[in-house]
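For reference, the structure discussed in these notes is given below.
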Amino acid sequence: MTRRDILSRIAAAAMAGPVGLEAAQHVHEEAAAATPAGGVYKPKGLTQHEFDTLRTLSEIIVPGASKGSAAEFIDLLASQNTDMLTIYTGGIAWLDEAMKRQYHSDFLGAKTEQRTEMLDKIAYRKNRTAELAPGITFFNWARRMTVDAYYTSAAGIKEVGYIGNRGMKEFKVPQEAIDYAVKRSPFA
């Protein structure tokens, strides 16, 4: 089985649901291999503009996502699956057009407040209208894949403090978790 076959199968599986940690590791390794040492990643499926837009969007969704190569992860999977590639190319085109209609600038050229205002509209299904439906669908995909990509990367795993399947002498619930639960308890 070639690397391309493995990536194609992972991309097809990603269309069905979250990417498993082991499968994601293959994609992260492939994305790292596709980036020349000290160089810049060259998109495999998306155009440079689409990739830059996805990278910016990913960074908004999960601050620090670029440390986990989230955009590279998504581009690499999309390059192996035409359905996924269509979701991203179509979604980014929709986002740029919606931004141009409202702000006279594409997503990358827009001000931070304008980007936030647009994303606030498409981040919630409750805002669904015929006009926003494609954006909401795209943003759902982008959000889900960005989170999968980042939190399966070395940077994301380190951020959450995952130590693997190891025994612990003692488990102690962090005080901030207890405070959070008590604050929201109906019995408090």
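Readers should treat all values here as calculations from the given coordinates under stated rules, not as data from a laboratory. All figures in this text were calculated on a predicted structure; none of them were measured in a lab. For neighbour counting, all protein chains shown are included, and Cβ atoms are generated from backbone atoms with ideal geometry for every residue, glycine included.
Things to note:
- If R0 is 45 Å, the Cβ-Cβ spacing of Ala123 and Met168 corresponds to a FRET efficiency of close to 0.80.
- Across segment 62-73, coupling constants 3J(HN,Hα) worked out from phi with the 6.51/-1.76/1.60 Karplus curve, θ = phi - 60°, read 10, x, x, 4, 5, 5, x, 6, 4, 5, 5, 4 Hz, and Gly and Pro carry x.
- Between the listed residues Thr129, Pro186, Phe139, the Cα displaced farthest toward the positive end of the dipole of segment 95-188, a dipole computed from Cβ unit charges relative to the Cα centre, is found at Pro186.
- Segment 51-120 shape via C-alpha gyration tensor axes, a/c threshold 1.5: oblate
- Each 5 Å bin from zero up to the one holding the largest Cα-Cα distance in segment 120-162 carries the following percent of pairs: 5, 24, 21, 14, 12, 12, 9, 4, 1.
- Listed peptides 153-161, 124-132 by packing density, highest first (mean Cβ within 10 Å): 153-161, 124-132
- Judged by the mean number of other Cβ atoms found within 10 Å, the most tightly packed of the peptides 69-79, 177-187 leads the ranking 69-79, 177-187.
- Once the chain from Ser66 to Glu131 is taken as fully extended at 0.36 nm per residue, the excess over their C-alpha distance is 20.4 nm.
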